[in-house]
Amino acid sequence: MRFETLVYEVKDFVATVTLSRPQMLHALNAQVFDELEDVFTDMDQNQAVRVVLLTGAGEKAFAAGADIKELAETDELTGTEKAKRGQDVFSLIESCGKPVIALVNGFALGGGCELAMACTMRIASEKAKLGQPEVKLGLIPGYGGTQRLPRLVGESRALRMMLTGEMVGAEEALRIGLVDEVVPAERLQEHGLALATAIAAASPLAVLGCMEAVRRGGRMTARLGQREGMEVEAEIFGRLCGSRDKAEGTKAFLEKRAPVWMGR
C-alpha cells in the first residue's frame with residue numbers, strides 16, 4: 001500500500017505507521033484521516049501485523065494538530081461532520097484489534113494529542129510537548145479529547161489543560177498519566193520497537209483477549225461493579241482455553257521450546 005501523507009511498513013509482525021507531512025508538522029487534514037483509515041482497516045485483518053508503532057517523521061512533531069486552513073473554512077454543519085470523521089478514525093485506531101504504541105517524538109497538540117490518546121500505549125521522547133490548545137482558536141477538542149483525556153489524567157487536570165490550552169512537557173505528562181514512559185529522543189524508536197517485539201512474541205489471540213477484557217470489563221465495572229467485569233474475564237479466558245494457540249503454548253512450555261503461534 002502506498003500513501004502520500006504517511007509511510008507504512010511491516011517487518012517481523014510489527015507495523016510502523018509514520019505520519020509524513022513535515023512541512024506542516026504532520027498536521028491532520030482530510031487526506032491524513034483517509035489514509036489512516038485505510039491503513040488501520042488493512043491492519044485489522046492482516047495476520048502479518050501483531051503490533052503497531054505510530055509516530056511522526058523526524059524529531060519535531062508527532063502531529064501538531066488539525067490543519068488550521070481546513071478548520072478556518074468550516075461552519076456549524078461541516079464542523080460537526082469534521083469532528084465525527086476524526087472521532088470515527090481515532091475510534092478505529094483504538095479498537096483495531098492490535099496494540100498501537102504511540103511514539104511521541106515532539107509536539108503532540110490538539111488533534112495530535114487526541115491521536116496519541118487513541119493509542120493503546122504512549123511512549124514519549126524527553127523533548128515531547130503535549131496539549132489541547134483548541135480554546136485559543138475558539139474551539140474545544142473535537143476528536144475524542146474531552147472524553148479520553150479525563151479518563152487518563154482525571155477530570156480536574158484535564159479541564160485545566162483544556163481551559164488554559166497549556167502544553168505539558170514529557171516528565172509532567174508522565175507524572176499525570178498522559179504518557180506511560182519517557183525515554184531519550186535518540187532511543188525512542190529503538191525502545192518502542194523493543195516493546196513491540198516483546199508483545200509480538202506473545203500469542204496474538206491472548207493479546208487481543210487482554211485488551212478486550214480490560215476494555216469491556218472496565219466499562220461494565222464502571223456501571224455495574226467488579227463482579228460483572230470478572231465475568232467478562234472468565235468468558236474470554238474460557239474462549240482462549242479452546243484455542244489452538246493455548247494448546248500450542250502449553251505444549252511448548254512443557255516441551256521447553258518456543259511456541260509457534262497460529263492466531264487461532
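The values are calculated or read from the model by the stated rules, or taken from the named source; none is laboratory data. Nothing here was measured: the structure is a model prediction, and the numbers come from that model. Here Cβ is always computed from backbone atoms with ideal geometry, including for glycine, and neighbour counts include all displayed protein chains.
What number goes with the only condition from (1) surrounded by fewer than 16 Cβ atoms within 10 Å (Cβ to Cβ); (2) farther than 25 Å from residue 95 by Cβ that residue 201 does not pass?
(2)
Would you be able to say whether some residue in the range 133-142 is outside any strand (DSSP E or B), within 22 Å of residue 84 (Cβ to Cβ) and without any contact (Cβ under 8 Å) to a residue 24 or more places away in the chain? Lay out the reasoning, then the answer.
So in the range 133-142, the residues outside any strand (DSSP E or B) come out as 133-142.
Remaining after also requiring within 22 Å of residue 84 (Cβ to Cβ): 133-135, 137-142.
With the extra rule that they be without any contact (Cβ under 8 Å) to a residue 24 or more places away in the chain, the set shrinks to 138, 140.
Looking for residues that are outside any strand (DSSP E or B), within 22 Å of residue 84 (Cβ to Cβ) and without any contact (Cβ under 8 Å) to a residue 24 or more places away in the chain, one finds at least one in the range 133-142, hence yes.
Quick check on my filter: what residues within the range 6-25 are under 23 Å from residue 73 (Cα atoms) and either among the basic types (Lys, Arg) or modelled with pLDDT of 95 or more (or both)?
21 - this is the single residue of the range 6-25 that is under 23 Å from residue 73 (Cα atoms) and either among the basic types (Lys, Arg) or modelled with pLDDT of 95 or more (or both).
Among the residues of the range 205-242 satisfying the criterion of being at pLDDT 90 or above and in contact with a Ser or Thr (Cβ under 9 Å, 6 or more places away or on another chain), which is nearest to residue 121 (Cα to Cα)?
211
What number of residues within the range 231-260 satisfy the criterion of being closer than 22 Å to residue 215 by Cβ, touching a residue at least 24 places away in the same chain (Cβ under 8 Å) and either assigned to a helix (DSSP H, G or I) or not small (Gly, Ala, Ser) (or both)?
Here is the first cut: in the range 231-260, the residues closer than 22 Å to residue 215 by Cβ are 231-243, 245-246.
This time we only want the ones that are touching a residue at least 24 places away in the same chain (Cβ under 8 Å), so: 236-237, 239-240, 243, 245-246.
The next check asks that each one be either assigned to a helix (DSSP H, G or I) or not small (Gly, Ala, Ser) (or both); those that pass are 236-237, 239-240, 245-246.
Number satisfying all stated conditions: 6.
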